[in-house]
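Shown next, in structure tokens, is the structure this report addresses.
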Amino acid sequence: MVKLFKIHKFTGLLAGAVLLLLAVTGFFLDHDKWQFLYSTTIPYAPKALEEQNSRLFEGYYVDPQNDKRVTVCSKRGIFESFDGGLSFERRFKGICLGIRNGKKGLFAATDDGIYIQLPDAEWRAVSLKGVYVNALSLHEDRIFAAVDKKRLFLIDTDNAKIIKSATVALDKKDLETPITLSRLVRDLHYGRGYFDSEISLFINDYGAIILIWLVLSGFMIWRMIVGKKEAKNTRALIKSHANIFALVSTAPLLVLLVTGVFLDHAQSLSGFMRSVKIPFFFLPPVYGSLKHDIWSVDYDGKIFRVGNRYGVFKSNDLKSWRMENPGFAYRMIRKRATLFVSGMGAPNRIHENGVWKVVPKTPHMFKDIYLKDGKIRYFSSNHPKEPLPRFDDITLYTLLLSIHDGSLFFSWWVWMNDAAAVSLLLLLFTGSARWLAKKRPRTFR
């Protein structure tokens, strides 16, 4: 028991700071819908974080009648340029998730509902005020939208009236397929891999909050022991540090540390992670429903489509759905009669004249399609080529992300995260063993 105590103490003191950083940043990154993460900025924009900064751009539109007029959708707002991208002005301050052009003008999916751009270039709320619209599609005088990845709305643009609302009930036969280890690792680590609704996120939050308290309380206990504080106060703090709540957090923390190590080395392990297939029988319950997994939507006037981590599903009535095309449908953008689908860990493809085709040599996980000089252009936030708004600061979200993945520090910081993960494994083992020993001393011996 003395050896376990020493191992637990020294491991916690050595790795505590890194574990605290990972827990705090991971908690906020899981809640990327919170607007203050993007409205709060830090007056510092190092070149090392340019890639993370560009990830916040979600949509790109060039006016076909005037290619000098450019509209950019971002989680920092909506920006517009009238000189081909030499200068931009912010027109909307909320989170923008996508822009689509229709007969009545430009529409935007935001964290505060659906907005339309007025003739004076300002934006006005149209429908679904106060809710998080994560995907949007336009056809004639109809808007097809997804809210919080779990509910669908068909809206009349003339009077902003909701015509239909529905949830997605998929046939389980379409879902009983294996997925790659790469997909499972990401879903579990990002808080969407256990159950439907907010339960998956809550499990990750629980693990993060308990880890934050374990690190802080562990350091305070050490300080009190070194400072020879009153034994009564120390015992009370130890009880808050070592209890059943901490023991229960072992499961989610183990998942987070294992998946975190895989993601730290995702590039070098990509071949292995994509080659390993996890049978449906071993997958968590969320994969048997995916009713809260609507990443993209499309409506062509007759057929409704939704995209999720399994592929593209279609319906004629928003009630019966069937698989149309496999592969994670990250984004769906329609240009006239052609539907472009951006894949996440899956190939990019198009649906044209009733046929699905893979589109090679296109940016992985592109976020938008726009027309310029009569040609289709793909907009990707990874090393974008288009003129974009420039910032002399970074958002709080970008700062937290760069701390979490280590890019803010050094290229080798990823190994510090790995060391912290191994330390957490040791802390969980020694801490659980000590707690069990005190509860059941005879059994433990």
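The values are calculated or read from the model by the stated rules, or taken from the named source; none is laboratory data. Only a predicted model underlies this, so the values are computations on that prediction, with no experimental measurement involved. All Cβ positions, glycine included, derive from the backbone under ideal geometry; neighbour counts span all protein chains shown.
Mind checking whether some residue in the stretch 22-33 is touching a Leu at 6+ places or on another chain (Cβ under 7 Å), of a type in the set (D, E, K, R) and surrounded by 17 or more Cβ atoms within 10 Å (Cβ to Cβ)? Yes: one or more hits. Looking at Glu140, Glu176, Glu122, Glu89, just one residue is in contact with a helix residue (DSSP H, G or I) (Cβ under 9 Å, 6 or more places away or on another chain) and loosely packed, with under 15 Cβ neighbours inside 10 Å, and that residue is Glu176.
Scan the stretch 75-84 and tell me whether some residue there is under 27 Å from the mean Cα position of the chain (by Cα), loosely packed, with under 14 Cβ neighbours inside 10 Å and more than 30 Å from Ala419 (Cα to Cα). No: the stretch 75-84 contains no residue that is under 27 Å from the mean Cα position of the chain (by Cα), loosely packed, with under 14 Cβ neighbours inside 10 Å and more than 30 Å from Ala419 (Cα to Cα). Val70 meets each of the listed conditions (1) closer than 26 Å to Asp293 by Cβ; (2) at pLDDT 95 or above; (3) aliphatic (A, V, I, L, M) apart from (1). Candidates are the residues of the stretch 309-326 that are within 18 Å of the chain's Cα centre (by Cα) and under 15 Å from Arg349 (Cβ atoms); the one that is surrounded by the most Cβ atoms within 10 Å (Cβ to Cβ) is Tyr310.
Summed over the stretch 362-382, residues that are acidic (Asp, Glu) and either in contact with an Asp or Glu (Cβ under 7 Å, 6 or more places away or on another chain) or at negative phi (or both) total 1. A single entry from Ser407, Ser411, Ser381 fulfils the requirement of being buried (at least 16 other Cβ atoms within 10 Å of the Cβ), at pLDDT below 90, polar (S, T, N, Q) and not assigned by TED's automatic domain parsing to the domain that holds Phe328: Ser407.
Taking first residues from the stretch 19-41 that are over 26 Å from Ser423 (Cβ atoms) and partners that are of a type in the set (Val, Ile, Thr) and crowded, with 18+ Cβ neighbours inside 10 Å, the Cβ contacts under 7 Å between residues at least 6 apart in sequence or on separate chains come to Gln35/Ile95; Leu37/Thr395; Tyr38/Ile95; Tyr38/Thr395; Thr40/Thr395; Thr41/Ile394; Thr41/Thr395.
Of the residues examined, Thr362 is one that is of a type in the set (Val, Ile, Thr) and in a loop (DSSP other than H, G, I, E, B).
Among the residues of the stretch 13-60, the ones that are in a helix (DSSP H, G or I) and modelled with pLDDT under 85 come to 7 in all. Scanning the stretch 92-149 for residues that are of a type in the set (S, T, N, Q) and within 19 Å of Ala337 (Cα to Cα) returns Asn101, Ser137. Is it true that Leu399 is in contact (Cβ under 8 Å) with a residue 60 or more places away in the chain, within 30 Å of Ala17 (Cβ to Cβ), buried (at least 16 other Cβ atoms within 10 Å of the Cβ) and within 17 Å of the chain's Cα centre (by Cα)? Answer is yes for this residue.
Remark: Phe429 matches the filter, which requires a residue to be free of Cβ contacts under 8 Å to residues at least 24 places away in the same chain and in a helix (DSSP H, G or I). For the stretch 282-289, does any single residue satisfy the condition of being outside any strand (DSSP E or B), of a type in the set (S, T, N, Q), modelled with pLDDT under 95 and surrounded by 15 or more Cβ atoms within 10 Å (Cβ to Cβ)? Looking through the stretch 282-289, at least one residue is outside any strand (DSSP E or B), of a type in the set (S, T, N, Q), modelled with pLDDT under 95 and surrounded by 15 or more Cβ atoms within 10 Å (Cβ to Cβ).
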